[in-house]
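The structure under discussion appears below in the form of C-alpha cells.
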Amino acid sequence: KHPWLKRKPNCISSGSSRFNMASHWLMPSLALGHLFLHSCAALGDVSGDRPVLDIDFYRATESAGIDKWLLQNMNLASVEGMTKYFHTEAIAEHVIGDVERKTRKYGIDAFTKVRFKVKNPRSVVATSSSILNQVDFGPFVTFDFGVATNPDTQTLIRTHGGFVGVQQQQDPRWPYSTPYYWFSVTGWCPSVAWWDRPVTREEAEQIMSNRTSLCPQLEGRIACDQNSDDCVYENGRCLPRDPAPRCLNYTSSRGKTSHVLGGLCPGGHHNLVEPTGEHGCTYSYGRAESVTLDEVAGILEEDCGGRKCTGWLDFRHNCSNSEYRQKFNWQTKKKEPFKYCVEYDISPPCQADCWNSECREVPEFEKEIGLPFWQGRCQDHANLARATKVAALFPVAQSGKDIESTRSDSCVFQTPGSCTPVPGQGGNYCTRRWAGICVNCFVPGTQATWPADYMAYCPYDILKSLDYETSPRPTCASSNPRDLCCLYTAECSLKGSDPAEAPLDEDGFAWVASFGNSSLMAAFLERAVQSRGWGSYAERLMDFARTETGWSPRKGASLESTLDMMSELNITVGRTTSITSTATSTTSRTATTSTSRTATTTTSRTATTTTSSTATITSAGETTTTTSRAPSFLDVRTGGEHEASRTNAHPSGTHAYQSGASNPTASMDIDTVVSVGDETQASSLLSILITIDIFGGALSIGSLLAGAVLLRRHLGAWPLEPQARADAWELVQAAVGLRRAAYI
C-alpha cells in the first residue's frame, strides 16, 4: 500500500548474506535473475580504501551543551532525519508526561549542524565486508546515554574498532518521498554510560603507558603489591593494571589486545584533521553551527500580551492566541481546553501512524494543534518544505567547502557491483545527492519495468555524472515527459525551456519540473491556476514551487494532484466572484455588512482586531492584496515570519477578488450568485471565506453569508468547527435556492 515503507536491503545482491532475493521478490523471468546477478555480484574483493568524505551531520540538542561535549557514542542525522526525530519524538503535547515542565522534552532547544570528515576502516567498507552499508559506512549503532545498547553491535565494534554507521530512515508517522538518514559515531568505551566512565581515552592511554613502563620492572610479588593501584601480580609476573576494565577490548581475531579506542581522531575535536581509517582515527569534526528552536518554529514572532514572546516558556504561559490553549486527550482522542499554550499536538491516531484508517478519517483541519510551522506532519509535501526551511537557516559550513562538492565523488568502487546499472534498464544507479550518502536509485519509465520500485528516483543528471557518463543509456518506454525516462536521456518530444510554451497537462508539468527552477515552475503553476479561473497567493506559490523542483522527480507527482494540494494548502482561491470590502486598521473597528437585491439588510458590530498580515493574490495577470490570519506551514519564514507579511497592504484598504479568465470583467457579490442560482460560484465563494479566514479581522463584506459567519465568530465558534462549516454550507444552499428568509 505504501511502497516507500517496505524493508529495504542494503545491496541487491544474489550472493549477499544480508539479503535473500528469493524471500523478497518472485522472479518472473531469467532476465530479472540476470539483472541482480550482474548488478551486485561480488566478482573479487578490492582493498576497501575509500576517499575521505566531507559531510554535514545534524542534531537536536540543548543549547547549553553545544560544543561542550565530545561527539562520540551518539546518534546524528541528516537535516530531514533530525527534523523527523524532533517532530515525532519530542513535541506532541499529549504524549509528554510532565505538564508543568519548564523546558521542551529532553531540554531540546536548538538544532545544530557540524561538518565531519569520515573514513571508515577497510575491514568495514571492503566490498566483501558483511557489514558494508551505503558504500562508505558500517551498520547503524543505537546509542543510549553513550552505550551501544545492542550486544551484537558491541561485538562488531570489538572486531572492527570505532566506525561511522548509517541507516536509511522511513516512518509511517512522518511521510517523506526521498531518502534521509540517521548516523552513529563510535567512540571510546561504548559499553559504559557517559557518567560512569572512569577515564577518558587520552587519560587511559597515558596511564597505561606509565604502568607499562613501571610494572614489568618490579621484581617479585611484594614489590608488585606495593604498587597495587597500578600493577597486579599474575602468573609470576607484575603486569600493568587496566585503568578501564569495563571498556571494550578488541577481539583476538583483530590481532590486537588493547582497548577499542573509538573513531574520533587524536586532535579531531573541533578540528577537521584528515582521518586515516586506521585504529582510533575514522572521523573528525569542526565546531557546531546552531539555530534556536524558538527561531525555527516562529515562537519569537508570537504575541504574548502585546509584546513578542521571548521564548518557549514565555509562549507557553503568556501567549495571546487562545487557539493555542488546547491539546488532544489521548483517551477520548478529542481536543480539549488546556491551561497552557501548546507548541504542537497531533490527533492520537495520527501520532501512531499517518496511514491507519482511524487517522485517515480525521479531517485535515482537526488533525493538529499549535504553531503553523509544525502543521502537516502527515503530508510529505509539508515535511519536505519544513526540512528545506530548516536547512536554509544554516550558513555554508565553516570549512568553506559546501556539501554539494562531495556529491560529485564516485560511488562506484567495483564493477559489476551494487552501483552498476543493467544495460537498457532503470537501475542500479547510485547517487550522493541526498546528504552525501551513496544510495541506490533508478530511472523510471523504462521499457523494462524496474522491480525495486521502493528505491528513490535518480537525480535528473545521473547520466551526466562521472560514474555513468559513458554507461549504456536506459531504454525509455516513450518520449512523453510524463513517463519521466526521456527527461534523463534528453529524448523527450517537448523542447525548449520556456514555461509559457509548455502545455498545461501532465507532460508540461513533468517537463517544467525537470528544469530544477522554482521560478519557472511557479510561472507554469500560475498559468495552470489561471486556466481554471482561479487565483493564487503569489508568495505562497513561490514557496510551494520550490518543493516541486527537486533534484529528481517527486514520486506520485502530477499536475492534478499538485493543484489539489495547492488548494488544500490555501495557495489558491476559487476566483469566480468579486468581493469588495473596506476596513480601517485600528484597535477597535466598526464593520458594516449590507446587501441589496429585493431588500437591503445592514448589520453593524464592533470587533477587536488581531495581528494580521497581507498576501498577494494574482489572477489573469492582475494582482490584488488581502488580509489573512491563517498562515500554513508554507508561510513560515525564518523566525516564524508570515510569508505574506512582506507584501504591503493595498493603500485604500480595499480587497477585491476578480473573476477568472472565463470572464475577466465579471463582478458578482453573493446576491448576484443567489439571483442566478449558481451553486459552483456559491461554493467558490464559501471556499474563499473559510480558507482565507477573511473574517478573522472582522472585515466588512457585502454579503449575508458574511454576516452569518461573523455571527458564528461572535458566538465563539471560530475557527469553524465541522458543525459550523456545515451550517455555513446550508446557508449557501439556501442562498442558491433563493430561500433568503431561511437565514436573514
Practice prompt. Give, as residue ranges, the strands (runs of 3 or more DSSP E) completely inside the stretch 141-246 that count at least 3 residues that are farther than 30 Å from residue 458 by Cβ.
Written response: 231-234, 237-240
Worksheet item: Being open to solvent by less than 40 Å² (accessible area, probe 1.4 Å), in contact with a Gly (Cβ under 9 Å, 6 or more places away or on another chain), modelled with pLDDT under 95 and hydroxyl-bearing (Ser, Thr, Tyr), is that true of even one residue in the stretch 16-38?
Response: no
Practice prompt. Evaluate the following for residue 314: is it of a type in the set (Asp, Glu), closer than 27 Å to residue 555 by Cα and at pLDDT 90 or above?
Written response: no
Discussion item. Looking at residue 222 and the list (1) within 32 Å of the chain's Cα centre (by Cα); (2) farther than 30 Å from residue 356 by Cβ, which single condition is not satisfied?
Written reply: (1)
Fill in: Cβ pairs under 8 Å, 6+ apart, first in the stretch 71-97 and at negative phi and without any contact (Cβ under 8 Å) to a residue 24 or more places away in the chain, second surrounded by fewer than 22 Cβ atoms within 10 Å (Cβ to Cβ) and basic (Lys, Arg)
89/105; 96/105
Discussion item. Going through 553, 499 one at a time, which residue ends up being more than 24 Å from residue 392 (Cα to Cα) and in contact (Cβ under 8 Å) with a residue 12 or more places away in the chain?
Written reply: 499
Worksheet entry | Residue count for the stretch 441-470, restricted to those that are surrounded by fewer than 16 Cβ atoms within 10 Å (Cβ to Cβ) and over 30 Å from the mean Cα position of the chain (by Cα) | 3
Worksheet entry | Within the stretch 436-467, tally of residues that are polar (S, T, N, Q) and outside any loop (DSSP other than H, G, I, E, B) | 2
Worksheet item: Of (1) more than 25 Å from residue 87 (Cα to Cα); (2) within 29 Å of the chain's Cα centre (by Cα); (3) at pLDDT below 95, residue 205 satisfies all except one. Which?
Response: (2)
Item to complete: Sort through 504, 520, 487 and tell me the only one that's surrounded by 20 or more Cβ atoms within 10 Å (Cβ to Cβ) and either closer than 14 Å to residue 563 by Cα or under 29 Å from the mean Cα position of the chain (by Cα) (or both).
Response: 487
Discussion item. Quick test of your reading of the structure: residue 494 fulfils all but one of (1) open to solvent by less than 20 Å² (accessible area, probe 1.4 Å); (2) among the hydrophobic types (A, V, I, L, M, F, W, C); (3) outside any helix (DSSP H, G or I). Name the failing condition by number.
Written reply: (1)
Worksheet, complete the sentence: Output for Cβ contacts, cut-off 6 Å, separation at least six or different chains, first residue under 10 Å from residue 468 (Cα atoms) in the stretch 410-421, second hydroxyl-bearing (Ser, Thr, Tyr) and open to solvent by less than 40 Å² (accessible area, probe 1.4 Å), reads 420/39; 421/429; 421/471
Worksheet item: Being of a type in the set (A, V, I, L, M, F, W, C), without any contact (Cβ under 8 Å) to a residue 24 or more places away in the chain and over 29 Å from residue 277 (Cα atoms), is that true of even one residue in the stretch 100-123?
Response: no
Response to the item:
If we ask which residues in the stretch 259-311 are more than 19 Å from residue 183 (Cα to Cα) and outside any loop (DSSP other than H, G, I, E, B), their number turns out to be 16
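Listed here are the residues, each with its yes/no results for (1) charged (D, E, K, R); (2) on the phi < 0 side of the Ramachandran plot; (3) open to solvent by 40 Å² or more (accessible area, probe 1.4 Å); (4) modelled with pLDDT under 95.
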| position | (1), (2), (3), (4) |
| --- | --- |
| 128 | no, yes, yes, yes |
| 153 | no, yes, no, yes |
| 166 | no, yes, no, no |
| 174 | no, yes, no, no |
Practice prompt. Report yes if some residue within the stretch 403-422 is closer than 22 Å to residue 54 by Cα, modelled with pLDDT of 90 or more and open to solvent by 10 Å² or more (accessible area, probe 1.4 Å); otherwise report no.
Written response: no
Worksheet item: Before we move on, is residue 118 within 27 Å of the chain's Cα centre (by Cα), closer than 30 Å to residue 414 by Cβ and either β-branched (Val, Ile, Thr) or at pLDDT 85 or above (or both)?
Response: yes
Worksheet item: Can you tell me how many residues in the stretch 52-74 are over 14 Å from residue 283 (Cβ atoms) and either touching a helix residue (DSSP H, G or I) at 6+ places or on another chain (Cβ under 8 Å) or not β-branched (Val, Ile, Thr) (or both)?
Response: 10
Practice prompt. Give me a count of the residues in the stretch 261-294 that are among the acidic types (Asp, Glu) and surrounded by fewer than 17 Cβ atoms within 10 Å (Cβ to Cβ).
Written response: 2
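The values are calculated or read from the model by the stated rules, or taken from the named source; none is laboratory data. Everything numeric here is computed off the predicted structure, so don't read it as measured data. Positions of Cβ are generated from backbone atoms using ideal geometry, with glycine treated the same way; all protein chains shown enter the neighbour counts. Accessible surface areas use protein heavy atoms only, side chains included; no ligands, DNA or RNA. Shrake-Rupley method; radii C 1.70, N 1.55, O 1.52, S 1.80 Å.
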